[in-house]
Amino acid sequence: MSVTAARGFLASGVSAGIKESGAPDLALVVNRGPSSTAAGVFTSNRVQAAPVRWSRRALADGTLTAVVLNSGGANACTGPAGENDTRVMAERTARAVGSEPGRVAVCSTGLIGVRLPMERVTVGIEAAAAQLSEDGGEPAAVAIKTTDSVHKTAVASGPGWTVGGMAKGAGMLAPGLATMLVVLTTDADVTAPVLDSTLREAVRTTFDRVDSDGCMSTNDTVLLLASGASGVRPDPAEFTEAVHRVCLDLALRLVADAEGASKDIEIRVVGAASEQDAVTVGRSVARNNLLKCALHGEDPNWGRVLSAIGTTSAVFDPDRLDVAINGVWVCRDGAAGEPRDRVDLSGRQVTVTVDLRSGEASATIWTNDLTAAYVHENSAYSS
């Protein structure tokens with residue numbers, strides 16, 4: 001159920017001492033081939049961590065043989081010293097697994113503005129390399145957690161080939177990617193251009209539509225590596241569907257583990273004039289803190305949904321808007337619809353459906369409620 005579900009991959013996770021707690025904090029994923037094609041999608045934040053910049057360059061030729069990941073420190077906003085630390089991580093990993101630094105991606109997550117304890121990191125890389133295993137996917141997924149309460153893995157299969165993956169993320173989940181690290185692997189025989197287009201399309205409708213708190217990270221990275229170990233060149237449609245399924249599974253696990261959340265909220269926008277209109281409306285609703293507080297308090301306050309819709313440039317007639325909360329159409333034609341007391345918000349799953357009645361396009365955004373626990377956790381994150 002992780003990055004070693006696909007043939008041709010080894011992984012490991014160790015405690016390098018980056019986290020004061022002593023919890024696992026360093027992972028390796030190694031592609032043994034015979035192929036080493038790869039693709040990646042990164043944060044659109046203009047402030048980008050040194051590992052993001054390094055990994056972009058490493059992927060320039062569409063190949064990777066290894067990924068080294070650490071939690072406990074983002075290595076973001078650390079200046080030239082942080083850039084050098086990233087280079088050292090790639091060099092040490094390459095030496096340990098028999099590769100070249102330029103074919104190693106580096107991923108870091110944790111507090112911004114603090115350098116990594118490099119003596120511990122380099123020793124950890126050696127330890128992780130010594131523990132690489134076909135069963136190492138789960139330890140690797142555990143080692144990349146920060147505020148995550150659970151590790152996150154997923155897998156999907158096609159005729160003779162597999163796609164596996166792991167992710168971390170529990171906060172700063174917003175479009176442009178979430179504050180997440182994701183490594184996907186496949187043993188399918190796929191070219192780098194196909195990997196790239198497949199990954200970008202999958203991310204566009206999964207990770208990029210997760211919006212927990214409207215905050216965008218500096219370190220977001222999604223990588224897809226192909227070993228070709230199955231010897232099977234998959235049907236393009238089947239492969240695309242499998243990658244999408246793994247990405248969606250992991251994306252929903254991120255939302256379900258969002259910091260302090262008590263409700264998983266799905267915003268479905270239908271009847272839009274364009275997909276972009278649907279996404280824009282969905283994101284506006286998902287980022288409305290008043291609505292998120294109302295849903296946390298199990299109050300079906302549909303007026304807050306309309307308020308959020310009205311801040312967008314989407315095509316709609318305010319007097320033709322319909323809104324349903326958990327299947328009850330509490331708003332019809334921009335006014336009160338079915339009685340609010342019919343809405344059951346006692347469970348964790350909440351679905352808000354917005355019908356713009358302006359076209360045939362649709363989109364879904366996933367978010368969560370705003371709780372006191374979220375405020376508490378983030379009020380003292382760096383201390």
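A few points about this structure:
- Surface composition of the chain: carbon plus sulfur atoms hold 50% of the accessible area, using a 1.4 angstrom probe and ignoring ligands, DNA and RNA.
- The mean sequence distance of close C-alpha pairs (under 8 Å, at least 6 residues apart), as a share of the length of region 29-104, puts its relative contact order at 36 percent.
- Based on the Stokes-Einstein relation at 10 °C and a viscosity of 1.306 mPa s, and on the Kirkwood radius from alpha carbon pairs, the chain is assigned a translational diffusion coefficient of 75 µm²/s.
- Relative contact order (%) - criterion: Cα under 8 Å, at least six apart; region: region 226-380: 37
- Overall form of region 12-123 per C-alpha gyration tensor (a/c, 1.5; a/b vs b/c): oblate
- Charges were assigned to the Cβ only: +1 to each Lys and Arg, -1 to each Asp and Glu. The resulting dipole of region 77-127 about its Cα centre is roughly 40 debye.
- Radius 10 Å from Cβ of R348, net charge of other residues (Lys, Arg +1; Asp, Glu -1): -1
- Residues whose placed amide H lies under 5 Å from that of K152, excluding near-sequence neighbours: A167
- Based on Cα contacts under 8 Å between residues 6+ apart, region 52-179 shows a relative contact order of 23 percent.
- Sequence of L295, L10 from largest to smallest accessible area, 1.4 Å probe: L10, L295
- Residues whose amide H falls under 5 Å from that of T78, counting only those 5 or more places apart or on a different chain, are A50, with hydrogens built in the peptide plane.
- Looking at the chain, the DSSP beta bridges with both ends there are about 70 percent antiparallel.
- With all protein chains modelled, accessible area of M118 [1.4 Å, Å²]: 30
- In this Cβ point-charge picture (+1 for Lys and Arg, -1 for Asp and Glu), the chain has a dipole of about 760 debye about its Cα centre.
- Under the convention that each Lys and Arg Cβ holds +1 and each Asp and Glu Cβ holds -1, the size of the dipole of region 223-273 around its Cα centre is about 60 debye.
- The chain - mean residue ellipticity at 222 nm from DSSP helices (-39,500 (n - 2.57) per run, n ≥ 4, rounded to 500): -9500 deg cm²/dmol
- Cross-link reach list, aspartates and glutamates versus K152, counting only Cα pairs under 17 Å and skipping chain neighbours closer than eight places: D25, D135, E138, D220, D249, D257, E259, D264
- Taking the charge dipole of region 71-228 about its Cα centre, with +1 at Lys and Arg Cβ atoms and -1 at Asp and Glu Cβ atoms, the residue from G164, T206, V121 reaching farthest to the positive side is V121.
- Report note on the peptides 365-373, 270-278: ranked by the mean count of other C-beta atoms within 10 Å, highest first, their order is 365-373, 270-278.
- Per residue accessible area in Å² of the chain, where ligands, DNA and RNA are left out and the probe is 1.4 Å: 38
The values are calculated or read from the model by the stated rules, or taken from the named source; none is laboratory data. Bear in mind the structure is a predicted one, so any value in this text is a computation, not a measurement. Don't worry about glycine lacking a Cβ; one is built from the backbone with ideal geometry, like all the others, and counts go over all protein chains shown. For the accessible areas, the whole protein counts, side chains as well, though only heavy atoms, and no ligand, DNA or RNA atoms are used. Shrake-Rupley method; radii C 1.70, N 1.55, O 1.52, S 1.80 Å.
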